[in-house]
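Student: Got a structure for you, questions after.
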Amino acid sequence: QVQLVESGGGLVQPGGSLSVSCAASRSLASIYTMGWYRQAPGKQREMVASITTSGRTNYVDSVMGRITISRDNAKNTVYLQMNSLKVEGTAVYYCHAYFLGREYWGQGTQVTVSS
């Protein structure tokens, strides 16, 4: 099993930056894919970014160039650095792990982009 704990959400103004973190309960080297999803009010959950054990990244088109996913294997932590945030980025951001054929989710962290 994998436990995921997010942190770092909050309120940020449009155009601002915010970083969220996800601490995993086991070594990232054993988890093939880690990622971030988000769910805005009234909308379906969507993938924002993902990163594999080899470091290959994938981003949804709407965040390309503004958001960066990274991992620190020594800390078993995945980060999502978000720049030039837009109001439509307001959502609960969830950490996701795909491990031994199963999906695992964190509890989510709220990111609100508002002036």
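The values are calculated or read from the model by the stated rules, or taken from the named source; none is laboratory data. Please read these numbers as outputs of a predicted model, since none were measured by experiment. When we count neighbours, we look across all protein chains shown, and the Cβ atoms used for this are built from the backbone with ideal geometry, even at glycine. Ligands, DNA and RNA are stripped out before the accessible areas are found, and what is left, the full protein with its side chains, is counted by its heavy atoms. Shrake-Rupley method; radii C 1.70, N 1.55, O 1.52, S 1.80 Å.
Student: Can you find, within the range 55-71, the residue that is modelled with the lowest pLDDT among those that are surrounded by fewer than 16 Cβ atoms within 10 Å (Cβ to Cβ) and within 28 Å of residue 25 (Cβ to Cβ)?
Tutor: Taking the candidates together, the pick is 55.
Student: Mind counting the residues in the range 1-10 that are closer than 16 Å to residue 91 by Cβ and loosely packed, with under 13 Cβ neighbours inside 10 Å?
Tutor: 1
Student: On the given criteria, is residue 51 more than 30 Å from residue 115 (Cβ to Cβ) and not small (Gly, Ala, Ser)?
Tutor: On the way: more than 30 Å from residue 115 (Cβ to Cβ): yes; not small (Gly, Ala, Ser): yes.
The answer is yes for residue 51.
Student: Looking at 92, 60 in this structure, which one is aliphatic (A, V, I, L, M) and in contact (Cβ under 8 Å) with a residue 24 or more places away in the chain?
Tutor: 92
Student: Give me a count of the residues in the range 25-52 that are polar (S, T, N, Q), touching a residue at least 40 places away in the same chain (Cβ under 8 Å) and either closer than 19 Å to residue 75 by Cα or open to solvent by less than 60 Å² (accessible area, probe 1.4 Å) (or both).
Tutor: 5
Student: What is the one condition in (1) open to solvent by 40 Å² or more (accessible area, probe 1.4 Å); (2) touching a residue at least 12 places away in the same chain (Cβ under 8 Å) that residue 22 does not satisfy?
Tutor: (1)
Student: Right, something else. Looking at 94, 104 in this structure, which one is within 10 Å of the chain's Cα centre (by Cα), of a type in the set (Phe, Trp, Tyr) and within 16 Å of residue 5 (Cβ to Cβ)?
Tutor: 94
Student: Within the range 72-115, how many residues are open to solvent by less than 50 Å² (accessible area, probe 1.4 Å) and touching a helix residue (DSSP H, G or I) at 6+ places or on another chain (Cβ under 6 Å)? Walk me through it before giving the result.
Tutor: The first filter runs over the range 72-115 and keeps only residues open to solvent by less than 50 Å² (accessible area, probe 1.4 Å), leaving 72, 76-78, 80, 82, 85, 89-97, 99, 104, 106, 108-109, 111-113.
Narrowing the set further to residues that are touching a helix residue (DSSP H, G or I) at 6+ places or on another chain (Cβ under 6 Å) leaves 76, 113.
Residues in the range 72-115 being open to solvent by less than 50 Å² (accessible area, probe 1.4 Å) and touching a helix residue (DSSP H, G or I) at 6+ places or on another chain (Cβ under 6 Å): 2 in total.
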